């Protein structure tokens, strides 16, 4: 038996950890994409070297399979977004592995055979890893079995099947790398230290308090339009400040501005829709049999689903036990529960759609049980027989008093094991048929066993109460724009794009192009907004289809892309059209004037306001400053550790000046802060209580630093490696060079 087999038995999803015979998976043209020229970026680079495409695809296989099984276990759909998430995990795993391997090699971090065995089996000071502890459990003792693990490994090593030998090789590689990481981060932790001096400074920063009186004149006192800045002044300000860190472009980015026109139904569309609803409602009433209801729903509903069985029971919206799509508005609960069989309820709104419901029946039993699951997949006769035998032996010893203990020891249902095996408030039909039948029909207090597709269940019926939830046949329709309306809107959008293109072509200044784009958007009763795209890791949010994202990326990164370039045609994004323009290209490092013009203008205005306020406050008493600014003298207590001034704001520079040797009774000169200009008098300094023991502060600081070592180290290493994620560009058909 392979390791993966054991872990599947225990529902522990470790496909990524232990490896498998890999699926022949090639996602959405990845194989074609990876066949580019040697100087293409490929999937991306780490330390300037291309990421190995085969290794990355293998990682994707493992993560996708693992996440698919997890979704299946949780009884939810594995969506395209889930697949994207799996791919992202694989990318992060692969790039981090490359970065860490370089660190291991440089530091000589390795794992020898003796250490590896101890790590794997939990000996010589190691504890058994949770994944292995759960995957290899002795059925009699309920504890980790080293013999089971050893037997499995030997079988894989000696197997005649290459895929089984590879599964162990992959598993071994994973655990060795896992141990290397533990050792590496342990080394980093050992290098972290907090000195007594640092602890003492922290103690004083927290404990020493200055009681102050102050006046603050906020910059908002002066309207921005009262400050005039010439183009020459702004250019000079740029030259003086462009190298400051706060203005630095942290990465190569491109900005797209866009606005959208939604395709909404017209008044004529609404009238036609409501007329059709009325006809559907009348025709639904005329259906007399279950077969007729079924045919009617399948012919007329957007959701082609019908059942007259208990599984079609609906609950009110907000009910914690409600299943997705199987709800009705909570405000209509009384209407549904008091309706008669065959009655039509609706039309009513359900999350933007319109529904007409027919009452087919009512579900009247709500149950509470507890159970022990002995897993045995459907079709595996050997495991089913073993589970039956085990269930029989458990039943001989099982009582109401020890049921909970037996759940903990034997049950293999992760959904209920931590709750004593209890499932409550479920309706007839919400569990698999055999489980549901036992729960709804057996007398309360009965203990028995049933076989389902999941295995053998030992069930105790704890409670059952009468309820009334409707079983519904649903006809759902959504009001959408007709083809005629859509065509009319599309024609108007093209006209708007042509108008915009004609006007933009007459403007050369980039800033004016952007302003014109925004103005025309407003005239069209739309709102233009920006998207920032980071070149080394492009991610776009807020769009409905990958095709829309592809077109926007091509607009931004086409070979001939230039600021002011419009999309060639409106971009259809489901029920809306998008008009977009490339509005900015920023290069990492010192920004271009256009990149920071608005930010620098705001800062220049603030500086001029500060100069004006300082001139009004210099050599003035607190009372004079307050009177001049039509404000008042305020009081407060501050510490160096918390640069917050009540009534002022977060002001680290201002607070720092108070703790730079200012004596009690002394007053500062006017100080330029973040939110205004301050004049402050120190009324009293309360020194930190005298002590020679700063161990508590040292421990807290050390714990804080150590708690962040791993994340900080990873972040720093990835930054140093200059990781470029090119996967999204490949999907969009954009090929970039090294």
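Every read-out reported here was derived from the displayed coordinates using simple, explicitly stated rules and does not represent laboratory data. Worth saying up front: this structure is predicted, and the values here are computed from it rather than measured. In this analysis, Cβ positions are derived from the backbone assuming ideal geometry, glycine residues included, and neighbour counts consider all displayed protein chains.
The alpha-carbon atoms of the stretch 265-480, seen along their principal axes, cover 71, 35, 31 angstrom, with the largest extent given first. Only Cα pairs under 8 Å and 6+ residues apart enter the sum, and on that basis the relative contact order of the chain stands at 23 percent. At what distance in angstrom do the alpha carbon centres of the stretch 502-546 and the stretch 364-406 lie from each other? Here the answer is 62 Å between Cα centres. List the residues of the stretch 519-537 whose backbone N lies under 17 Å from a point placed 7 Å from the Cα of residue 602 along the Cα-to-Cβ direction. The answer is 529-532.
Using C-alpha pairs under 8 Å with a sequence gap of at least 6, the mean separation divided by the residue count of the stretch 265-480 gives a relative contact order of 31 percent. Can you give me the C-alpha center-to-center distance between the stretch 313-330 and the stretch 88-146, rounded to a whole angstrom? So the two Cα centres are separated by 44 Å.
Just to verify a number: FRET efficiency for residue 226 and residue 562, C-beta to C-beta distance, R0 = 41 Å, to 0.05?
Calculated transfer efficiency: 0.65.
Segment residue 159..residue 186, full-extension length gain: 6.1 nm, with 0.36 nm per residue of separation and the alpha-carbon distance subtracted.
Can you tell me the 0 to 90 degree angle between the C-alpha axis of helix 146-157 and the longest principal axis of the chain, rounded to 10? The angle comes out at about 90 degrees. Relative to the current alpha-carbon distance between residue 399 and residue 178, full extension at 0.36 nm per residue lengthens the span by 75.2 nm.
Please work out how much length the chain gains when fully extended from residue 276 to residue 446, using 0.36 nm per residue of separation minus the C-alpha to C-alpha distance, in nm with one decimal.
Extra length from residue 276 to residue 446 when fully extended: 56.0 nm.
Working from Cα positions, state the angle (0 to 90°, nearest 10) between the long axis of helix 231-241 and the longest principal axis of the chain. Compared with the principal axis, the helix lies near 70 degrees. Between residue 338 and residue 198, the simple spin-label model (points 7 angstrom out along Cα→Cβ) gives 7.0 nm. Approximating the spin labels as points 7 Å out from Cα along Cα→Cβ, the residue 630-to-residue 408 distance works out to 7.2 nm.
Quick one: if the Förster radius is 51 Å, what FRET efficiency do residue 236 and residue 505 give, using the C-beta to C-beta distance and rounding to 0.05?
With R0 = 51 Å, the Cβ-Cβ based efficiency is 0.95.
For the chain, the longest principal axis of the C-alpha atoms and the axis of helix 53-73 are separated by about 60°. Summarising the label geometry, the points placed 7 Å from Cα in the beta-carbon direction at residue 712 and residue 664 lie 3.7 nm from one another. By the count of neighbouring beta-carbon atoms within 10 Å, fewest first, 241, 371 end up ordered 241, 371. Equivalent-ellipsoid semi-axes for the stretch 619-688 (Cα gyration tensor, √(5λ), whole Å, largest first): 19, 14, 11. Taking the average, over residues, of other Cβ atoms within 10 Å as the packing measure, peptides 124-134, 636-646 rank 636-646, 124-134 from highest down.
For volume of the Cα convex hull per residue in Å³, computed directly from the structure shown, the correct entry in (1) 275; (2) 206; (3) 156 is (1). A protection proxy built from the mean count of other Cβ atoms within 10 Å ranks the segments 58-65, 220-227, most packed first, as 58-65, 220-227. The distance from the alpha carbon centre of the stretch 452-483 to that of the stretch 218-240 is 65 Å, rounded to a whole number.
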